[in-house]
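Here's the structure we're looking at; comments come further down.
Read-outs throughout are calculated quantities, based only on the coordinates presented, and are distinct from any laboratory measurement. If you're wondering where the values come from, they're calculated on a predicted model, not measured in any experiment. We place every Cβ from the backbone using ideal geometry, glycine too, and count neighbours over all the protein chains shown.
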Amino acid sequence: MVTAYDERLAVPLRWWVQGSMLVASLWLAMIVAVPGALAWGVTAVALALLTLLLRSYGSTRIVVADGVLRVGRARIEAHHLGLAWSLDADQARRAAGVEADARAYLVLRPYLKRAVKVEITDPADPAPYWLVSTRHPDALAGAVGALTGRDPAL
C-alpha cells in the first residue's frame with residue numbers, strides 16, 4: 001500500500017484538559033455529598049466516558065492511498081474525483097456556511113479551521129463535493145491532485 005497522505009483528526013490537548021477539569025469538578029461535588037466509594041466510582045465512569053467520547057470523535061482518518069481517498073468510513077476512487085482546493089479559515093467557513101450545498105459530504109471539526117474541498121465527478125453520487133477539515137490543507141489537496149492528475153492551479 002502506497003500512502004500519499006495520512007492524517008488523524010485527533011482532538012486538541014485543550015479538550016482533554018477541559019474534560020479532565022470537568023470530571024475533577026464532578027468528583028469534588030460528589031465527594032462531599034455521597035460516600036467516597038460511590039464518588040470514586042461515578043468519577044471513574046465519567047472519566048471512561050470522556051475518554052471514549054474524545055477518542056471516538058478524534059479517531060477520524062484521512063487517507064490518500066492506492067487510488068482511493070478515504071475520509072472516516074467513506075471512500076471514493078480517484079477516477080470519481082475532480083479538483084481539490086485548499087481552503088483557508090475564511091474560505092472554509094464560507095464553504096461550510098453560506099456557500100454550502102446541502103448535498104455535500106462534510107467532515108468538519110470545530111477545532112480545525114482550514115479545509116479541503118474535493119469535487120466529485122461521479123454522476124451516480126448525489127454529493128457534488130466533499131468538504132474535509134484538515135491540519136494540512138495544502139498537503140491533502142496536493143495528494144488528491146497527484147492521485148487524480150488534476151491541479152486547480154492549472
Inset, instruction - Compute the length gained on full extension between residue 54 and residue 150: take 0.36 nm times their separation in residues and subtract their Cα-Cα distance, giving the result in nm to one decimal. - result: 31.0 nm
Legend entry - Volume per residue of the C-alpha convex hull in segment 9-57, rounded to whole Å³: 48
Legend entry - Label-to-label distance, nm, for residues given as residue 122 and residue 93 (7 Å Cα→Cβ offset): 3.3
Inset, instruction - Find which of 26, 57, 144 sits farthest along the positive direction of the dipole of the chain, computed with +1 on the beta-carbon of Lys and Arg, -1 on that of Asp and Glu, about the Cα centre. - result: 26
Inset, instruction - Provide, as a two-decimal number, the C-alpha radius of gyration of segment 88-154 over 2.2 N^0.38 Å, N being how many residues it has. - result: 1.09
Legend entry - Which labelled figure in [x] 20.0, 68; [y] 15.0, 45; [z] 16.0, 57 is Rg and Dmax of the Cα atoms in Å, once derived from the coordinates: [x]
Inset, instruction - For segment 11-38 and segment 45-113, compute the distance between their C-alpha centroids and round to whole Å. - result: 30
